[in-house]
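Remarks on the structure that follows.
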């Protein structure tokens, strides 16, 4: 299946993207069928081959969620934006503080009393 998606190019900390048509199973930076445009997220500038994008979408190619949202915002295609799944950042794991010695002793005393009462 063919998909229209971003292929990252550019320098470190200065990303730019090619909008490419690729087989879905190929890595995003790998072999492509056609380059359909480019996108600079820092300037929010997009250069799109609108006629070729519409042609491939009519032929059955799918657009990734991010590319689809870009095409909707640039009014190349009609529709509402899709929700893009972003990976969650690693949240800090809450570590419970260990109980202090007096608390442990009181809990142990209560347990002993409860066991004595049941006997």
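Read-outs throughout are calculated quantities, based only on the coordinates presented, and are distinct from any laboratory measurement. It should be emphasised that the depicted structure is a prediction, and the values quoted were computed from it without experimental measurement. Quick reminder, even Gly has a Cβ in these numbers, built from the backbone with ideal geometry, and neighbours come from all protein chains shown.
Legend: ranking of residues 112, 76, 33 from fewest to most surrounding C-beta atoms inside 10 Å; resulting order 112, 33, 76.
Counted residue by residue at 0.36 nm each, then reduced by the alpha carbon distance between them, the extension gain from residue 84 to residue 112 reaches 4.5 nm.
Between the helical axis of 101-118 and the longest alpha-carbon principal axis of the chain there is an angle of about 60 degrees. Cβ crowding within 10 Å ranks 54, 11 as 11, 54, fewest other Cβ atoms first.
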